[in-house]
Structure formats: structure tokens, C-alpha cells
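Asker: Following this message is one structure expressed as C-alpha cells.
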Amino acid sequence: MEKIFITGCCGYIGSHTCVELLNAGYEIIGLDNFSNSKPIVLDKIKEITGKDIKFYEGDMLDKELLNKIFIENEIDCVIDFAAFKSVGDSVSKPIEYYINNVSSVLTLLETMKNNKVKKLIFSSSATVYGTPEKVPITEDCRIGGTTNPYGTSKLYVEGILQDLYKSDNEWDICIFRYFNPVGAHPSGLIGEDPNGVPANLMPYIAKVATKELEYLSVFGADYDTPDGTGVRDYIHIVDLAKAHVKGVEKLLKESNGLFIYNLGTGKGYSVLDMINAFEKVNSVKVPYKITARRAGDIAKCYADSSLASKELNWCATLTLEDMCKDAYNYARKEIVNEKN
Ligand code: WQD
């Protein structure tokens, strides 16, 4: 069976994608430096799938290690998840973000080229649209005007990949623009486990629900949206992971192309919608306070994912209730795990 090299394999999106690819029968070679993940995730992936990953610990900037991985394994396709992803952090640490999110991709691409592996799925983000020119957002919408180094790093890599493909159209490249991945594997064994206080909405709500945090600050209720709070396209992490299986199938089948897809549900939910849904499905309370807007936030962002449906034969099927239920299930299991 084909071998897939996954960078950041122990991260939130990486680990869920490993599960779906292993379940689909692929072999996985994984790399992670545990800068925002934990080694125990490898055991959890094995517990869910019954299968092992051939794992290397290390950094994408380590050219020798990367080359060793490609020499020791016949890799058919690469999925690059390894990146820092905190919008807020990126504003205060631009150099670290550009080194980790851009330079490391250049090291990866050079190693792939030298080892004649030219099939890549790159994890990009809806932030490349900046303040979207329209919603729902289609892939041909203007990109740029990013408001933070995280989003700009993704924009830069997309430009590098466009130039690479123009220089050598033997490459098969799939750029996935993620909207807001949330939730966890229904087993509750893997999920979103950010270091420290979560920056993103769903993990923060989950920690308020488990009483690890006192209340949620709702960043602004004066946006041009139905209830004044920010609207986003939340997509279940398992739906997102399954899109990567479809992406691998396409690149292994196709020859030569650069493809860009929005991965979202096409539905926008506000912060208050999320709180209400979370409370209802989990029969918990999520105390909150309306506070000032967060710098860099936009009012509305949700996808038109019809291109992915058409060309990948993929669409998100899990509901907002599934997202809230699985996020809470994981958060509660994490509390038990931390106590043991
Ligand atoms: C969602 C909504 C906030 C926290 C970012 C990245 C994106 C992706 C997901 C990586 C907004 C509001 C949030 C809180 C709040 N990351 N909010 N209180 O900013 O849409 O997207 O994370 O791939 O690329 O840009 O996600 O979850 O931070 O915010 O009111 O404590 O929740 O204002 O409206 P965001 P988010």
C-alpha cells in the first residue's frame, strides 16, 4: 500500500488525519518535534486503529533528518501539517513564525525534489483571504490583506507552491484552506489539546464547561452579524481529516496539477450560536461575558466548499451538535487523564 509522509503527525489535524489514512489502508511515516503536541498521541492513534506509524522525532528544519527519512522510506505522497498556528502568538513572534512556517517548507520541498517525490498536500488556512471580499468564500476570491504573521506565512507558502508548479509541472500539489476545525475523535482519545489557555473558541468553551476556566469572554457583540458576534465556518475535525484521504487519492491518481480547495461546511455560526449549541447538546452551562473585540478579528468568514465536493467527492457530514458533543467528551477525558 502507498506510503504517506506526514509532518506534524501528532498535532490536532495531523493525528486525526493519521487515523483516517490508517483506516483507509495507507502506511504512515510520521515526523513531529512535539513543540505543540505530545508523544502519547502515537499510542492513542494505535489504540484507535490497531496500527503503528513509522515515527521520527525531529524538526522540519533538519535537512539531514528529512533526507534520511526520504532515503529510508519509499514515500508516495507528503502531507505537511507542521506549523505554528496561533494568530495571537504570531503577532508577537513574527520571526519564529516565518522560520517555522515558511523556511521549514522550503527545506521540505528541496528534499522532496532531490528525492523525486513530487506529490504534496499543504495545510493552508482561510486566513489567506484576509477580510473576505464576499461570503460564502470561493477559492477564486481575492487572497491577501492578511492581518497577522500566521496568515501571512500561509499566504507566502501558497505563493511558493504556485511558483514551484510553474517551474516544474511534474508536481501534484493540493492546497487545503481550512476554515475552523473543531471537535475531536468520537473515542475521546485524541482531540484539540493546546498548550496553556486556549486561544480558539471551541477549546475555550470546553474548558469553561468542565470548570477549568471561569467564563468565556465573547470578543465583541457589535459586528454586522445576526446577533452581533463573530460568525465562522466550524468543521468537525473528522470531516476535515477525511478530506485528506480524498486529497491523497486524487494526487495518487492524477498526474500533474495544482489544486486549491476550501474545507468548510458552508454554514456560518456565531459565537452565541456555539455557546447555545454546546449547552444544549451537553446539558451544561457556559457562563460568558461580552468584552471588547479582539484585534485582527473579522465579522464573517464561511466557505463555499462546492469545488471540493465536486472534484474530491467529499463533503462535511457531521453536525454542530456532533462537534460540541465530541469536544466536550474529549475535554472531560483529558481531565481524567491528567489526574492519573
Ligand atoms: C472564532 C470566533 C472570535 C475565542 C483562527 C485562525 C484560523 C484557524 C482557527 C488555524 C471569533 C471568537 C474566540 C474566545 C471569542 N487556525 N472568540 N472568545 O480566529 O476564526 O480562526 O483559528 O488553522 O486560521 O485564524 O478562530 O476560534 O479564535 O475565533 O469570542 O475566547 O470566536 O472573536 O469570532 P478564528 P477562533
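The values are calculated or read from the model by the stated rules, or taken from the named source; none is laboratory data. All figures in this text were calculated on a predicted structure; none of them were measured in a lab. Quick reminder, even Gly has a Cβ in these numbers, built from the backbone with ideal geometry, and neighbours come from all protein chains shown. Just so you know, the surface numbers come from the protein's heavy atoms only, side chains and all, with ligands and any DNA or RNA stripped out. Shrake-Rupley method; radii C 1.70, N 1.55, O 1.52, S 1.80 Å.
Asker: Give, as residue ranges, the strands (runs of 3 or more DSSP E) completely inside the stretch 39-156 that count at least 1 residues that are modelled with pLDDT of 95 or more and within 13 Å of the ligand (Cβ to nearest atom). So that I can check it myself, show each step before the final result.
Answerer: Working: elements: 54-57, 77-80, 119-125.
Answer list for the stretch 39-156: 119-125.
Asker: Hey, could you check the stretch 292-321 for residues that are in a strand (DSSP E or B) and open to solvent by less than 50 Å² (accessible area, probe 1.4 Å) and say which is farthest from H236 (Cα to Cα)?
Answerer: Step one: of the stretch 292-321, the residues in a strand (DSSP E or B) are 300-301, 303.
With open to solvent by less than 50 Å² (accessible area, probe 1.4 Å) added as a condition, the list becomes 301, 303.
Values: C301: 16, A303: 14 Å.
Only one residue tops the list, namely C301.
Asker: On to the next question. Identify the single condition in (1) surrounded by 15 or more Cβ atoms within 10 Å (Cβ to Cβ); (2) touching a residue at least 60 places away in the same chain (Cβ under 8 Å) that E47 does not satisfy, given that it satisfies every other one.
Answerer: Only one criterion in (1) surrounded by 15 or more Cβ atoms within 10 Å (Cβ to Cβ); (2) touching a residue at least 60 places away in the same chain (Cβ under 8 Å) is unmet by E47, namely (1).
Asker: Looking at (1) more than 13 Å from the ligand (Cβ to nearest atom); (2) at pLDDT 95 or above; (3) surrounded by fewer than 21 Cβ atoms within 10 Å (Cβ to Cβ), which is the one condition that is false for N169?
Answerer: With (1) more than 13 Å from the ligand (Cβ to nearest atom); (2) at pLDDT 95 or above; (3) surrounded by fewer than 21 Cβ atoms within 10 Å (Cβ to Cβ) applied to N169, the lone miss is (2).
Asker: So which pairs qualify, if the first residue must be in the stretch 197-210 and free of Cβ contacts under 8 Å to residues at least 12 places away in the same chain, the second must be more than 7 Å from the ligand (Cβ to nearest atom), the Cβ gap must be under 7 Å, and the two must be at least 6 apart or on different chains?
Answerer: From the stretch 197-210, the pairs are P198/K207.
Residues checked against (1) surrounded by fewer than 22 Cβ atoms within 10 Å (Cβ to Cβ); (2) touching a His at 6+ places or on another chain (Cβ under 7 Å); (3) over 18 Å from C10 (Cα atoms); (4) not charged (D, E, K, R):
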site: F179; (1), (2), (3), (4): no, no, yes, yes
site: S187; (1), (2), (3), (4): yes, no, no, yes
site: D193; (1), (2), (3), (4): yes, no, no, no
site: N200; (1), (2), (3), (4): yes, no, yes, yes
site: K207; (1), (2), (3), (4): yes, no, yes, no
site: L213; (1), (2), (3), (4): yes, no, yes, yes
site: F219; (1), (2), (3), (4): yes, no, yes, yes
site: D222; (1), (2), (3), (4): yes, no, yes, no
site: T225; (1), (2), (3), (4): yes, no, yes, yes
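Asker: Applying the selection to the stretch 196-231, what residues are away from the ligand (no atom under 11 Å from the Cβ) and in contact with a Pro (Cβ under 9 Å, 6 or more places away or on another chain)?
Answerer: Residues satisfying the conditions are A206, E214.
Asker: Here is a follow-up. How many of the residues making up the stretch 187-225 are out of contact with any Lys or Arg (no Cβ under 8 Å at 6 or more places or on another chain) and not in a loop (DSSP other than H, G, I, E, B)?
Answerer: 7
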